[in-house]
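The block underneath contains the structure these notes are about, expressed in structure tokens.
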Amino acid sequence: MFHGIYCNDAQYQRVILNCFSLIKDCDELWVFDGHGESQGVCAESAFAEMMGIPVKIMNYCPLSGQYKGG
């Protein structure tokens, strides 16, 4: 979501908590193929699952029309 805009661990934790706050309002979380292995995406996916929010692994982006991965 907001990965890459933090400079230290405290900022990273704040960003992840903000992501969790946004995820709480989601009906489902989409993870696009090729991005699921980052620390942040793994944390977001685990949080969504703990909250009972379905996590879908996607290899097609409907906004760009691009396929990702194999």
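The values are calculated or read from the model by the stated rules, or taken from the named source; none is laboratory data. This one's a predicted model, so the numbers in the text were calculated from it and none came from an experiment. Positions of Cβ are backbone-derived with ideal geometry, glycine not excepted, and every protein chain shown enters the neighbour counts. What goes into the accessible areas is simple: the full protein's heavy atoms, side chains included, and nothing from ligands, DNA or RNA. Shrake-Rupley method; radii C 1.70, N 1.55, O 1.52, S 1.80 Å.
Miscellaneous remarks
- Taken over the stretch 20-44, the residue count meeting the criterion of being of a type in the set (Asp, Glu), at pLDDT below 95 and open to solvent by 80 Å² or more (accessible area, probe 1.4 Å) is 1.
- Annotation note: Cβ proximity below 8 Å between a residue of the stretch 24-36 that is under 10 Å from Ala48 (Cα atoms) and outside any loop (DSSP other than H, G, I, E, B) and a residue that is of a type in the set (Val, Ile, Thr) and modelled with pLDDT of 85 or more (sequence gap 6+ or interchain) occurs for Leu29/Ile23; Leu29/Ile53; Leu29/Val55.
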